[in-house]
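Read the structure below first, then the notes.
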Amino acid sequence: MASTEEDFPRGGKTKQTTESKAEPVRRHTEVDNLFESLKVGTLLLGCVKEVADLEVTINLPSGLLGYLNISNISDSYTKILSDHLDSASSEVTHFMPLKEIFSLASLFSPGMLVRCVVARLDTAKGGSVSIQLSINPKEVNKGLSTGSLKAGLILSGCVESIEDHGYLVDLGIKGTKAFLPKQAAKDKTNKLKVGQYVTSLLEEVKNDERVVRLSISPTAVAQAVADTAHGWTLTSLLPGLLVKAQIKKVTLHGLILEFLSSFTGLVDFMHLEPEQASTFNEGDNVKACVLYVEPSTRLVGLSLRSHLLQPGGDVDLVATERIGEVAHGCKMTALHHLSGAMLELPDQTVVFVHRNHMKEPMEAFNLNRVMAKPEHTCRIMDFSPMEQVHLVSLRTFQPWNSAFLVACVLTQFVLPLSQGTVTSLQNHGMMVKVTDYIRGLVPRTHLSDIILKNPEKQYAVGMIIKCRVLSVDPRAKKLTLTRKRALIDSSLPPFLTYEDARRGHVSHGFIVCVKDFGCIVCFYGKVKGLVPPNELSTEPVIVPENVFYVGQVVKAKVLNCDVKKEKLLLSFKAVAGGDTEGPPKPKFDFEVGKKVEVKVVSKFLTGLEVSILPEETTALLPMMHLSDHVSNCLLLWEGLQEGDIISNIVLPLSLNPACLKTLTKKPTLKSFLEEGGVVAKEFSDISVGVQLIGWVNNIMPYGVFVEFPYGLVGLAPKAAMSDKFVGDTAAHFQLGHTVVAKVTNLDEEKHRFLVSLKVSEVPSPERDGQARLIRGLQERKAVMEMMASRGDSDLLKQLSAVTIGQRMKMSVDEVREDGSVTFKSDELSAATVLVEAGSTHTATVHHADRDFAVISLGDTAQLTVIQTTNHLNETFRFDAEKLTAGKTLTITVTKSSCEELEGLPLVSWELAPPISKRLISNSKRSKGMYRYGDVVKGKVKTVKPTCVLVTLEDGSTGCVHVSEIQEVVCVGTFPTSLLKIGSEVTARVIGGREGNSHRFLPFSHPNFTYSMPELSLLPSSLAMLWLHLLTRGVGCQSLSGVHKLEKGHVIMGLVQKLDPNLGLLVKLPFSAMGTVAMEDLADKYKPKPLERYSKDQLVRCCIVGEAKSNWQLSLRSSRTNPEKASVVKDPEIVSLDDLSEGQIVRGYVRTVNGTAENVSKKKTKKGKGEDSDSGVEVYFREEEEENKCEPAEVEKPVPVQPARLQVTGGFSWDAALSALKPASAALGGEDSSDGEDGEAQKKSHHVQEIEKREAEKALTKLETELMDPGLRPQTAASFERLLLGSPDSSLLWLQFMAFHLQATQIEQARAVAERALKTISFREEQEKLNVWVALLNLENLYGTEESLQKVFERAVQYCEPMPVYQQLADIYAKCQKTKEAEGLYKTMVKRFRQEKAVWLSYGTFLLQQGQSDAASALLQRAIKSLPNKDNVDLIAKFAQLEFRYGDVERGKAMLDRILTSYPKRTDLWSVFIDLMVKHGSQKEVRAVFDRVIHLSVAVKRIKFFFKRYLEYEKKSGTPESIQAVKDKALEYVESKGTEAAR
């Protein structure tokens, strides 16, 4: 409660002077919060709101809700309940009759005013506080004593017992008995029961306050007013008392009153009468009711509301019709900063909004924002009976209270599927959170189609599931759900009420009871019916319990339904196909092919329920049977309404009398039956090769089932469905699709046949496609007319008047940012362009949907409509064959003006031949087509060691090579491990490649390839501008593989390397490389030509040829910019024809030797023979004026021998002959005979031989290592190679992880572990467990506690939980993490309490830690948890642990006790002997041996122990002890012989 402030001074019994009383008033400030905090012990006046079985919901002041538990009513009522429970549990008849125990509903009624006290404040999971109340007179009247009882007091109590002349009432005052005569309670004589709450007037006090007489007369109670003579104190003041008070002060938020001469109380603004709120003045006398009393803060709340000024009366509860109502235009009439505000609705109703509901849940309260709005929109949330005012909320989404919850459940969640989150698993079922404020229960029998023994294995807390609502109980606030797949996926109409269960209808239900008289089947809500024994099955069922079980989902048919009596008679046999003895049904002559008229009765998702006229016979018209065109079926279903009459219906196609008659409106099927087509009525009428028309009845992975008239069904296997390869049967046909089938195979024995749907084997009749086109367009026109006639929208009427091909005058309305334009039409004027019949044209597709397409003829604006398929069975096309906007067709005009097409031409069409040139729009590219330099975004799809696959925004897949991820890669690291699956990346397109797909077979898709863009994530690549320029000057280049580099193309490239001999090495688009020779760098040779270029420089080059795998390029301006005239000083020499005798040419010196100079000129495309001797003799001369520009300067003319120009085939001359390849040694060998060249050449051969031998040695060493299975790999590549051969070997994976850990590469080790978990087969459970354990060790050593916990949770999900728990506990124990290990063991013994190994492991841990007492206590817990048969072995194991880790004496005692109780357990004797030999003395060991050799067990077992005894003595004893053992053995044998003789 709020603390008192200036306007709410504290009251008390002690009188004060005027000055002393006025001082606190000036010192405190005003507050207006009603209940800031409640405290235990606060007395309140409440109003009963709802009564449940075990608790009562009570409305408290200020809109609070409290809950009264059944145990907090009175001591007498609680005692009756406990006695009843004790008698029921002990199965002994109690002396008290059962009729004297009354329910809470008979004791309390909504609207009753009660005095209550706050007994407890509970905190819920969400942080909200639950107020627990008590009306026990002992708690409520705690402040009263026998001395304070005086006549005229108004007291509350509970009926304790019923006597002959009245009632004993419990007032909670020790030493006082209260009696209520029946005459004083004559108005309620028949209503008072034990435990009932009564508000009474104390009339008389007798025998020194030991006996008092009460009266509950409404008139007397209502007129009683508290007086100062009664001696009230603050501790004895009770809520509900009427007092006479005087107004002490009027504040903005209420009144301050003075009553009973010394008490001060407050009246808040909600407890003033609305019409009198402004009429109060200081000094006025009023009559008030005590609302609450807080003794600790001395705060008293009062109310002036008239409905509370009648103690003992009831308060009217306003009906909840308005709860949930949204009101607009509400005005705020008063604002109270700390509590809320008063609003006035448009209908003058005054409502209250709490401060917390004036803002959104997660926002801070902003008063200025609330005050700034002149009007508000609010939703009525609840009604507070104590204040008689509605409570509203200004939130856009507000929490639902009980009444609002029920309203939403009834309107939104009954029957529709909804998704929920599992919140808890309990013995009786599973709790599911449907919304934030709605939770439902899935009973245990409804968790699955079968009864689950271990639901926790299938469901986990937090799992999102799909469920269906079974029933809603608004009064009990119960929502029941089901997870039965048969009910969730049921397409049959459900039975929500008995009115829905009409005779002949079939629906899914579930069995709730199985008895000898039949099965009781329950549907949704409270609808249930009986299936008698004779309707359970087509065969006799003697014992129904052996055939059916509770919770089983069944399909039942209604035989009879009495709505008034709510009785339902059902049948299983009728659904199964048997005859039912139900009421006679109207007979009708069902003839296949007969046309009838039907009336639409109702619509459901998959079709229409119709009645055949005029007999009103119920039938079914599936949605897919409304048309031959799939797209038209949905339109017709949308257009048809209940009550519509449909003609030209053919019936029936299913002759099973137990099922609904199935009708069809497929025009193709109707015309086939009318024209007398081949129709097989029986299996004997079918022959191989016959063609039938039917429809797809079922789609399976291995083919489709086709149904024909008269109920015959054939199978079209996967291979016979289409001429094309069929990968997914569901992608080719839909249920109900009309097809033409050819019978290919018959099975006479099983009455089965196969059909083919291939277009090549089932020819279509001539003009069949055009006829279907006309019928399809007529259906669409009919739908438009139906919708236009029914809808009030002018748009539908206007659209129905527009036809394809109609010319309209348009005006531009809006030009949008994306480039699209909207038009408006001012007038409609029809015009038709006539086209000659039989003429052939090219047409362009403008629009295409599933069944129809709009095309334009040639370059004219004439439009017409075609079908997207030419055959009924032609349902699948490749992407290249699909009709899309812009595709070109070849059409033949059949009819220039067709009336059925509104005057449009009727045409036949075929695909135009493909055009080799591919045009790509700059503004909109198709899927997977990117330009070089494009920046794209995507999500990582797959991470591989050498590459990463990325799913781009348009759905295509790109590839990032490992070298394009990280600029600097450390040795031993994997750049691909930096990327996680699902993470978003930004990349730049740097190339493209084509890949072969294995999605289709080679014979069905020859040369099928797909395009994959190459991407880069390097920061340098993303920041470089040249990638944007790669496509400049070249047009649009696609990555699809159609466009490629060709001779003569001018492209942009990137310099990769500068070679003084070769020239430039340039990177080109499409991941190609090219070289620019020195003489092709410019049209004018310059010295040091490479100085102008640098690495990563963008250059413009022209492709001049191709040599081996590289392109030959040229940077000459005459090549790259031919349109720009430039001076060519050094012309390009392409062939010998470009040279003439005496011509002066310039070149670059490549090689200099003692006899000649080799001058490089342009390379030619001559053969090898021509390259060795071109026949061109070149003489050198010095030109002084060109010395500066000559690459090779000559000081003076030197006469040299004529040297031939070497036109090489692509290799480089090098000054260092040691770098020459062996193949280049032959060139120029004859011309150069210098000795130094020969020595260098020989040295080169020698070096090559040495390198060759070293390479062979290295190869031999590598092979030897690979052949040695025991040699551990030393590199990551070696591990990868071994893993390719043994991917399921956990040992290899663990060694790979250890290899990374040795190099402190933690992330790489984690990545290897994740790869191992994905790679190892799911059947290798132990191998996967080994990897999980290694990963746990890794996280324990190098990770955090959070990462270890995450790995542990994943391991528990993917492996058997108990081994994972055990391994983690061992890890903790080895690392001395005692606290964590002990916590984990405690969890294990709770979760796996039936596993003996868990208890033993925990005991071992405790004993290793020296906790012997804890181990003993654990043993006692284990004995209680495990079955009795395991107790002996368990104790023996614990004893062995005591010997090993704990107290040896305790272990001896434990084993000794076991062997005393079970002396014939020779296995335990053997264990005991082993332990004593190891830990005991010789005397103790001999004592054990002496005990065991005298056991009454089999002779062979005694022989075993004698043998062990003798071996022990030989090892540790003396000759005397050895002889003693032999004597004992002889004595035993003699005794056995004597027994045998007897």
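Residue 944 versus residue 530, label points 7 Å from Cα toward the beta carbon: distance in nm?
Placing both labels 7 Å along Cα→Cβ, they lie 6.9 nm apart.
Defining a contact as two alpha carbons under 8 Å apart and six or more residues distant in sequence, what relative contact order in percent does the stretch 176-283 show?
Here the relative contact order equals 18 percent.
From the C-alpha gyration tensor of the stretch 224-294, pull out the three semi-axes of the equivalent ellipsoid (sqrt of 5λ each), sorted largest to smallest, in whole Å.
Each semi-axis is √(5λ); the values are 21, 12, 11 Å.
List every residue whose amide H lies under 5 Å from the amide H of residue 299, counting only residues 5 or more places away in sequence or on a different chain, with H placed 1.01 Å from N in the peptide plane.
294
How do the peptides 46-56, 262-272, 156-166 rank, highest first, by the average count of neighbouring beta carbon atoms within 10 Å per residue?
Working: 46-56: 19.5, 262-272: 23.5, 156-166: 17.0.
In descending order of packing, they fall as 262-272, 46-56, 156-166.
Quick one: 3J(HN,Hα) in Hz for the stretch 753-763, Karplus 6.51/-1.76/1.60 with θ = phi - 60°, rounded, Gly and Pro as x.
The phi angles translate into 8, 10, 10, 10, 10, 5, 5, 5, 9, 10, x Hz.
Calculate, in nm to one decimal, what residue 849 and residue 128 gain on full extension: separation in residues at 0.36 nm each, minus their alpha carbon distance.
254.1 nm
Need the full-extension length gain, residue 1393 to residue 687, defined as separation in residues times 0.36 nm minus the C-alpha distance. One decimal, nm.
Working it through step by step, the gained length comes to 247.4 nm.
Which order, highest average first, do 1524-1537, 221-234, 60-73, 169-182 follow once you tally other Cβ atoms within 10 Å for each residue and take the mean per peptide?
60-73, 169-182, 221-234, 1524-1537
Got a number for carbon plus sulfur as a percent of the stretch 324-394's accessible area, 1.4 Å probe?
Carbon with sulfur: 53 percent of the solvent-accessible area.
Going by Cα centres, the stretch 1479-1542 and the stretch 421-452 are how many Å apart?
Centre-to-centre (Cα) distance: 66 Å.
Taking 7 Å along the Cα-to-C-beta vector as the label spot, tell me the residue 497-residue 150 distance in nanometres, rounded to one decimal.
Here the modelled spin labels are 6.2 nm apart.
Could you give the length gained by full extension between residue 1288 and residue 881, i.e. 0.36 nm per residue of separation minus their alpha carbon distance, to one decimal place?
Separation in residues times 0.36 nm, less the Cα-Cα distance, equals 142.1 nm.
For the stretch 664-738, calculate the relative contact order in percent as a whole number, restricting contacts to Cα pairs under 8 Å that are 6 or more residues apart. Intermediate values should be presented prior to the final figure.
Details: 97 pairs, mean separation 20.9, N = 75.
Rounded, it is 28 percent for the stretch 664-738.
Would you give the gap between the C-alpha center of the stretch 940-957 and the C-alpha center of the stretch 1361-1375, rounded to a whole Å?
For the stretch 940-957 versus the stretch 1361-1375, the Cα centre distance is 37 Å.
If contacts are Cα pairs under 8 angstrom and at least 6 residues apart, what is the relative contact order of the stretch 413-550 in percent?
On the way: 255 pairs, mean separation 25.1, N = 138.
Across the stretch 413-550, relative contact order equals 18 percent.
For residue 1464 and residue 1409, FRET efficiency with R0 = 56 Å and r from the beta-carbon atoms, rounded to 0.05?
Working from the Cβ atoms, E equals 0.95.
Take 422, 1149 and sort them by solvent-accessible surface of the protein heavy atoms, 1.4 Å probe, largest at the top.
1149, 422
With r defined as the distance between the Cβ atoms of residue 745 and residue 1314 and R0 fixed at 56 Å, what FRET efficiency is calculated, to the nearest 0.05?
Numbers: r = 51 Å, r/R0 = 0.91.
Approximately 0.65, to the nearest 0.05.
Set the Förster distance to 45 Å, then compute FRET efficiency between residue 1374 and residue 1518 from the Cβ-Cβ distance, nearest 0.05. Please list the in-between numbers first.
On the way: r = 45 Å, r/R0 = 1.01.
With R0 = 45 Å, the Cβ-Cβ based efficiency is 0.50.
Quick check on packing: order 246-257, 1280-1291 by the mean number of other C-beta atoms within 10 Å, highest mean leading.
Order by mean packing, descending: 246-257, 1280-1291.
Measure off 7 Å from each Cα along the Cα-to-Cβ vector at residue 1141 and residue 735, then give the distance between these two points in nanometres to one decimal.
So the two model labels end up 9.3 nm from each other.
Which whole-Hz ³J(HN,Hα) couplings does the stretch 984-990 yield from phi under the Karplus relation 6.51 cos²θ - 1.76 cosθ + 1.60, θ = phi - 60°, glycine and proline marked x?
Ordered by residue, 3J(HN,Hα) equals 8, 9, 10, 9, 10, 6, 10 Hz.
The values are calculated or read from the model by the stated rules, or taken from the named source; none is laboratory data. It should be emphasised that the depicted structure is a prediction, and the values quoted were computed from it without experimental measurement. Cβ sites come from the backbone with ideal geometry, for glycine too, and all protein chains shown count toward neighbours. Accessible surface is based on the protein model in full, side chains and every heavy atom, while ligands, DNA and RNA are left aside. Shrake-Rupley method; radii C 1.70, N 1.55, O 1.52, S 1.80 Å.
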